[in-house]
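S.K.: A single structure is presented below for examination.
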Amino acid sequence: MTVASDDHLRLLDQVADSVLVVAPIADAQGGRADFDIVHLSPGYLDPAGRATHDIAGKTLLEAYPDCGSGDGLAARAARLLADGAPQYAPGLVGSLTGAADAVPVMDLRAARYDGRVVFTWRGRVGDEGRLGEAFEHGRTRVALAAARDLLADSEQRAAEQQELALRLQRAMMPADVGLMETCGVDIAVRCRPAKAGYLVAGDWYDALQLPDGELLFVVGDIAGHGIDAVTGMVAARNTLRGLAATGADPHELLSRLNYAACAFTEGVTGTVICGRYDPKTQLLRWARAGHLPPVLVRGRLAAVQPLPEGMLLGMELKAEYDQVTLQLMTGDTLLFYTDGLIERRAESISDALAEFAAAAVPDDPDADIDSHVAQILASAASDTGDDACLLAVRIR
């Protein structure tokens, strides 16, 4: 997603001597580890006196190693993302950059936009008097104020959309999958956002008991983020729930869901995996629409299941879906997940699946389902910055 519109950045680049835009980088636990430098103004004035090409392509802490403490740039960006209040602090920036000597600048500002932080300032003391001249230039001050207003307005609208989407997502996701414990299974679910500022996407799950006593397990990933992704997710989830009440097998459910996505919605595409489990026979019937296969953990072994044919949802009206069966046993754990949990930029999907299966073997064979899921999430190696969902089902 873009940091701001081209018009925003062009305006800021014109009225501020330096524009620095950074995006948070999450660590393995979902915390904020650093910030990517994603935009520099053409005439960027580095407070430490370096050339622009020495800064571009680096993270904030790589460019300014000391800026994470005190009132440094990284610390300031973290506070801004946490409380959302724009900051205005003209004055010294030596402590912000790690420079040996304090360097005064004018109009140092920070504003949040769509999960990013935009820093601007308008010169350094000693730069041929540009500071005083710029400060007195009324048109420049007006233009900078207009740019700030544009950013604030866009940020407010983005935040309102994000809050609405988040409320929709929370309202529509299952409230208590623990009810499944009465049906001979234990369940644990984790939904992990990509990073701060992007809490909502199209990842979803479902787990419910059907009228015939069988259990339905679903994990899906509707393409996109925000309102469009959430509304697409809600439509897919509710449609599949209604279809499941008919008693249809998983491959039939996906065929009908795909027809609905193609014929009755606009632009809804995504992947889904769907399974019906019979507690009496411990038999699982499952099918997929472009989704990654489940992983079966049995004792000290974990195996990626063979893939039946199944096209992505919403692509072809008359797509057909194959179905496979899997005989489960007491003590087995079955993992359904979205690609945001496993994919890595530098690896093939087959290698990523093999690594995920290896990491899914429990360190403690007697660990409960929640501890097992916590171990899996702690070892997840995805680096694509995507949201992730994991549904774990243990047979009792």
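The values are calculated or read from the model by the stated rules, or taken from the named source; none is laboratory data. Please read all numbers here as calculations on a predicted model, not as lab measurements. Every residue, glycine as well, gets a Cβ built from its backbone with ideal geometry; the counts of neighbours run over all protein chains shown. Note: accessible area is taken over every heavy atom of the protein model, side chains too, but ligands, DNA and RNA are not part of it. Shrake-Rupley method; radii C 1.70, N 1.55, O 1.52, S 1.80 Å.
S.K.: Being in contact with a helix residue (DSSP H, G or I) (Cβ under 8 Å, 6 or more places away or on another chain), surrounded by fewer than 23 Cβ atoms within 10 Å (Cβ to Cβ) and part of a helix (DSSP H, G or I) is the filter here, so list the residues in the stretch 206-234 that pass it.
M.R.: Gly226, Ile227, Thr231, Val234
S.K.: Output yes when any residue across the stretch 189-204 is open to solvent by less than 20 Å² (accessible area, probe 1.4 Å), aromatic (Phe, Trp, Tyr) and either modelled with pLDDT of 80 or more or over 21 Å from Tyr259 (Cβ atoms) (or both), and no when none is.
M.R.: yes
S.K.: Give the stretch 245-258 a look and list any residue that's of a type in the set (A, V, I, L, M, F, W, C) and either closer than 22 Å to Arg394 by Cβ or surrounded by fewer than 17 Cβ atoms within 10 Å (Cβ to Cβ) (or both), or say none.
M.R.: Ala245, Ala248
S.K.: Same structure again: Mind checking which residues of the stretch 314-343 are closer than 20 Å to Leu391 by Cα, of a type outside the set (D, E, K, R) and under 24 Å from the mean Cα position of the chain (by Cα)?
M.R.: Listed by number, the residues that qualify are Leu334, Leu335, Phe336, Tyr337, Thr338, Gly340, Leu341, Ile342.
S.K.: Scan the stretch 254-266 and give yes if some residue there is aromatic (Phe, Trp, Tyr) and closer than 30 Å to Asp363 by Cα, otherwise no.
M.R.: Of the stretch 254-266, the ones aromatic (Phe, Trp, Tyr) are 259, 264.
After this cut, where a residue has to be closer than 30 Å to Asp363 by Cα as well, the list is none.
Within the stretch 254-266, not a single residue is aromatic (Phe, Trp, Tyr) and closer than 30 Å to Asp363 by Cα.
S.K.: Hey, another quick one. For the stretch 294-315, check the following and say yes or no: at least one residue is of a type in the set (Asp, Glu), over 27 Å from Ile395 (Cβ atoms) and out of contact with any His (no Cβ under 7 Å at 6 or more places or on another chain).
M.R.: no
S.K.: In this structure, is Val234 in contact (Cβ under 8 Å) with a residue 12 or more places away in the chain and in contact with a Leu (Cβ under 6 Å, 6 or more places away or on another chain)?
M.R.: Considered against the rule, which asks whether it is in contact (Cβ under 8 Å) with a residue 12 or more places away in the chain and in contact with a Leu (Cβ under 6 Å, 6 or more places away or on another chain), Val234 comes out as no.
S.K.: If we only count strands (runs of 3 or more DSSP E) wholly inside the stretch 260-336, which ones have 3 or more residues that are in contact (Cβ under 8 Å) with a residue 60 or more places away in the chain? First the steps, then the outcome.
M.R.: Numbers: elements: 270-278, 283-289, 295-298, 301-304, 324-327.
By residue number, 270-278.
S.K.: Quickly run through the stretch 344-358 and pick out the residues that are part of a helix (DSSP H, G or I) and more than 19 Å from Asp387 (Cβ to Cβ).
M.R.: Residues satisfying the conditions are Ser350, Asp351, Ala354, Glu355, Ala357, Ala358.
S.K.: Applying the selection to the stretch 55-90, what residues are out of contact with any helix residue (DSSP H, G or I) (no Cβ under 7 Å at 6 or more places or on another chain), more than 14 Å from Val21 (Cα to Cα) and surrounded by 14 or more Cβ atoms within 10 Å (Cβ to Cβ)?
M.R.: Once the filter is applied, which keeps residues that are out of contact with any helix residue (DSSP H, G or I) (no Cβ under 7 Å at 6 or more places or on another chain), more than 14 Å from Val21 (Cα to Cα) and surrounded by 14 or more Cβ atoms within 10 Å (Cβ to Cβ), the stretch 55-90 yields Asp66, Ala75, Arg79, Ala89, Pro90.
S.K.: Looking at Ala360, Ala380, Ala354, which one is touching a Lys or Arg at 6+ places or on another chain (Cβ under 9 Å), small (Gly, Ala, Ser) and farther than 18 Å from Thr271 by Cα?
M.R.: From the options Ala360, Ala380, Ala354, the qualifying one is Ala380.
S.K.: Do we have Gly331 as of a type outside the set (Val, Ile, Thr) and either in contact with a helix residue (DSSP H, G or I) (Cβ under 7 Å, 6 or more places away or on another chain) or closer than 16 Å to Ile395 by Cα (or both) here?
M.R.: Judged against the criteria, Gly331 is a match.
S.K.: Ok, one more. Which residues, taken from the stretch 270-289, are crowded, with 21+ Cβ neighbours inside 10 Å and not aromatic (Phe, Trp, Tyr)?
M.R.: Passing the criteria: Gly270, Thr271, Val272, Ile273, Cys274, Gly275, Arg276, Leu284, Ala287, Arg288, Ala289.
S.K.: Which of the residues spanning the stretch 339-394 are among the hydrophobic types (A, V, I, L, M, F, W, C), open to solvent by 30 Å² or more (accessible area, probe 1.4 Å) and modelled with pLDDT of 90 or more?
M.R.: Answer for the stretch 339-394, where residues must be among the hydrophobic types (A, V, I, L, M, F, W, C), open to solvent by 30 Å² or more (accessible area, probe 1.4 Å) and modelled with pLDDT of 90 or more: Ala354, Ala358, Ala374.
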